[in-house]
1. Here are some conditions: (1) among the hydrophobic types (A, V, I, L, M, F, W, C); (2) within 27 Å of the chain's Cα centre (by Cα); (3) more than 9 Å from every other protein chain (Cβ to nearest Cβ); (4) not in a loop (DSSP other than H, G, I, E, B). A:Ala218 meets all but one. Which one does it not meet?
2. Looking only at helices (runs of 4 or more DSSP H) that fall completely inside segment B:34-123, which ones have 3 or more residues that are farther than 18 Å from A:Leu193 by Cβ?
3. If we keep just the residues of segment A:194-215 that are assigned to a helix (DSSP H, G or I) and in contact with an Asp or Glu (Cβ under 8 Å, 6 or more places away or on another chain), which is nearest to B:Arg113 (Cα to Cα)?
4. Taking the condition of being farther than 30 Å from B:Leu176 by Cα and facing another protein chain (nearest Cβ under 9 Å), how many residues in segment B:53-66 meet it?
5. Name, by its number, the condition in (1) modelled with pLDDT of 95 or more; (2) in contact with a helix residue (DSSP H, G or I) (Cβ under 6 Å, 6 or more places away or on another chain); (3) under 22 Å from B:Met161 (Cβ atoms) that does not hold for B:Asn61.
6. Of the residues A:Gly16, A:Gly22, A:Gly75, which single one is small (Gly, Ala, Ser), facing another protein chain (nearest Cβ under 10 Å) and in contact (Cβ under 8 Å) with a residue 40 or more places away in the chain?
7. Out of the residues in segment B:25-50 that are among the β-branched types (Val, Ile, Thr) and over 10 Å from the mean Cα position of the chain (by Cα), which is nearest to the other protein chains (Cβ to nearest Cβ)?
8. Would you mention how many residues in segment A:115-138 are surrounded by fewer than 19 Cβ atoms within 10 Å (Cβ to Cβ), closer than 11 Å to A:Ala102 by Cα and within 10 Å of chain B (Cβ to nearest Cβ)?
2 protein chains.
Amino acid sequence: MIESQRIYTAALVVIGDEILSGRTQDKNIAQIAGWLGVQGIRLREVRVVADDAGAIGAAVNVLRAAHDYLFTTGGIGPTHDDITVDAIAAALGVGVEVHPEARAILEGYYESRGGLTEMRLRMARVPAGAELIPNRYTGAPGIRWGNIFIMAGVPQITAGMLDALTGTLEGGAVMLSETIGCWIQESEVAELLRQTERAHEGCQIGSYPFWREGKSGANFVIRATDPDRLAACASDLSGALDALDRPAVAGGI
Amino acid sequence: MIESQRIYTAALVVIGDEILSGRTQDKNIAQIAGWLGVQGIRLREVRVVADDAGAIGAAVNVLRAAHDYLFTTGGIGPTHDDITVDAIAAALGVGVEVHPEARAILEGYYESRGGLTEMRLRMARVPAGAELIPNRYTGAPGIRWGNIFIMAGVPQITAGMLDALTGTLEGGAVMLSETIGCWIQESEVAELLRQTERAHEGCQIGSYPFWREGKSGANFVIRATDPDRLAACASDLSGALDALDRPAVAGGI
């Protein structure tokens, strides 16, 4: 039965004063969420915390216990404000060590770039017992420790690390979705949405209103792991909207 | 003394499966963070949680106790997946009631739009004892209950609610910032950044690397509440980068 399948979940800790100050628009939540979805893993919670060892450690310890996988982004560079490795090692109760393979990677990367200085060597430090996640762009690897995946904060570099992990994590059934857009106030179809969801077991309908140039519209996102159930639910909802003379736009608006 | 001033903090709970699925790129974190900064309030933590009453309630109760202010976004519309009001009321241990002023606002708004149906009236429901936050766009108000501010999820509507709150919350000294960009690997100046921060009391320097078209660069963000200290630190760092023949770009890259 679909309903009895094991569901794999993940959490994400975004480490960064720059997100909390509003200066930088986070891109990693959406990127990691989408990537996890393809792996059959559901992102269940995100916490954005300050560059503060206590805050990082507390979030990591709660979330690594509550989920199959925990990802972190940010704070693994060479500068004084990069404290993620030390904070996580402290939270895990393990020491910090220079990973020999990470050191070798950095020596190669910096050979033609001024050499591996003491500050650059900081990027080879890992919580004791960790493995590495390749970084195809700038050498400095990500870190895997148990079910924790410590990733870069720069979105392109994070993307490369996710690529390196693709297909390596155990997941469950992939959550499929179809989006139907409509120029309608969601309040006009609230009861229809509720009834349609109830009539289609194993399907969830989310209603996401928007308001553009003075006009109200909404995208209705149907989610299910079973493609036939998904298609049947989407077909029913589209037909009902068309019958109201408010045409359904496949793929959303 | 600057250091002894009271610091006002806030947290944000983003409620939304659509963010956790990766389908929608969140815009409210950056928007609310920036707005809070201008009010002299520092955003210290964000949690993105699913459309799940238990998850919403747990996050709200932890964060409202830990901070001066707690904001939430999302889940206050008229559809079956809008459960924020009920979840927060349950977490607070209070009932849910129709707010008479909210009902009057919605009656006016929907008078020419098909009338106030039962589903639309859901948007007048508040945790008992709440006040309203005006929504200039679509009628349905936000909600204030104690130090909790329950806001819309649609970013333009959230923006209108923030406008309505501007200047009404007690805050402290505004955190000022200057950004200096440089086409340099941050690892080349990691020690310089650390020393510069240490030499300027009351200033913090964040280093935010980027990687564009195969080139490494970084933005250095200096933060302080005192404008003179901020200017002195920025001047020292700019001068040091120029002296390395790596010109500092005021305002960032």
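1. The single condition A:Ala218 does not satisfy is (3).
2. Values: elements: B:53-66, B:84-92, B:100-110, B:118-121.
It comes to B:53-66, B:84-92, B:100-110.
3. Of all residues in segment A:194-215, those assigned to a helix (DSSP H, G or I) come to A:194-199.
After this cut, where a residue has to be in contact with an Asp or Glu (Cβ under 8 Å, 6 or more places away or on another chain) as well, the list is A:196, A:199.
Working: A:Thr196: 24, A:Ala199: 28 Å.
It comes out as A:Thr196.
4. Step one: of segment B:53-66, the residues farther than 30 Å from B:Leu176 by Cα are B:53-58, B:61.
Subset that is facing another protein chain (nearest Cβ under 9 Å): B:55.
So the answer is 1.
5. (3)
6. Numbers: A:Gly22 fails: in contact (Cβ under 8 Å) with a residue 40 or more places away in the chain; A:Gly75 fails: facing another protein chain (nearest Cβ under 10 Å).
Exactly one of A:Gly16, A:Gly22, A:Gly75 is small (Gly, Ala, Ser), facing another protein chain (nearest Cβ under 10 Å) and in contact (Cβ under 8 Å) with a residue 40 or more places away in the chain, namely A:Gly16.
7. B:Val48
8. 1
The values are calculated or read from the model by the stated rules, or taken from the named source; none is laboratory data. Everything numeric in this text was worked out from a predicted model, so none of it was measured. In this analysis, Cβ positions are derived from the backbone assuming ideal geometry, glycine residues included, and neighbour counts consider all displayed protein chains.
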